[in-house]
């Protein structure tokens with residue numbers, strides 16, 4: 001492993017935030033255990049998150065650079081590179097980047113990359129308590145899933161967000177069931193909440209679906225009919241690309257794409273039908 005010289009980074013803070021999921025400026029003195037806002041007394045061990053991801057220490061195949069971000073007088077950004085190719089084709093690719101965003105001497109956000117330098121995964125300690133509470137997965141350079149521990153206390157997610165083509169498609173939440181499994185399912189159409197399913201008994205099954213009345217009225221007006229969902233499956237047509245539906249069965253199983261569930265069109269509203 002070669003450690004490059006320390007370089008001052010003059011990129012705007014906003015760009016750094018976009019690059020690695022957070023602002024590199026100090027957050028009001030909030031620090032994780034073992035950290036300090038006194039940069040002259042930063043700990044020798046900065047709790048490297050890249051080490052856990054790519055094991056850069058004592059690895060001769062990797063090269064590391066450290067830079068000083070805005071608001072810091074000591075390096076708070078580390079980048080780990082892998083060398084590919086030989087001779088004239090030899091080049092470095094970024095495989096990991098980590099930042100101490102609140103300047104307490106401890107790294108709190110990390111992102112890994114593939115050989116094309118497209119993002120793969122990101123983890124962050126958003127409240128600086130030393131525990132990861134936000135996890136992001138990427139596919140083809142776009143966000144695919146974000147898992148969040150909104151309690152900021154358990155170290156495991158209770159909200160799961162899923163994206164299609166970079167747009168929010170659905171959210172699963174654990175709001176009250178002690179199992180920690182989802183008990184609320186949200187379906188989104190063109191970045192708008194279209195339907196919510198609730199498991200009120202914590203048996204893993206959706207007990208009630210609530211639909212956006214305005215969107216439902218727009219669909220009925222456009223088609224000249226009233227719409228009722230047939231059977232136990234729920235269908236949400238017209239997701240972000242307008243071609244394939246999101247289907248959710250009564251057990252809360254969600255699939256993006258595939259054939260839509262059956263939809264019954266009728267002139268009058270059926271009593272007791274699913275809204």
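Every read-out reported here was derived from the displayed coordinates using simple, explicitly stated rules and does not represent laboratory data. What you see is a predicted model; the values in this text were computed from it and never measured. Glycine also receives a Cβ, built like all others from the backbone with ideal geometry; neighbour counts cover every protein chain displayed.
Miscellaneous remarks
- Simple label model, 7 Å out from Cα along Cβ direction - residue 55 to residue 167, nm: 4.2
- Estimated FRET transfer efficiency when R0 is 35 angstrom, pair residue 205-residue 142 (beta carbons, to 0.05): 0.65
- Burial ordering of 93, 68, fewest other beta-carbon atoms within 10 Å first: 93, 68
- Label separation (residue 116 vs residue 74): 3.9 nm, computed from points 7 Å beyond Cα along the C-beta direction.
- Residue-span extension gain [residue 37 to residue 84] - 0.36 nm each, minus C-alpha spacing: 13.1 nm
- In terms of its C-alpha gyration tensor, the range 75-145 comes out oblate, because a/c is 1.5 or above while a/b does not outweigh b/c.
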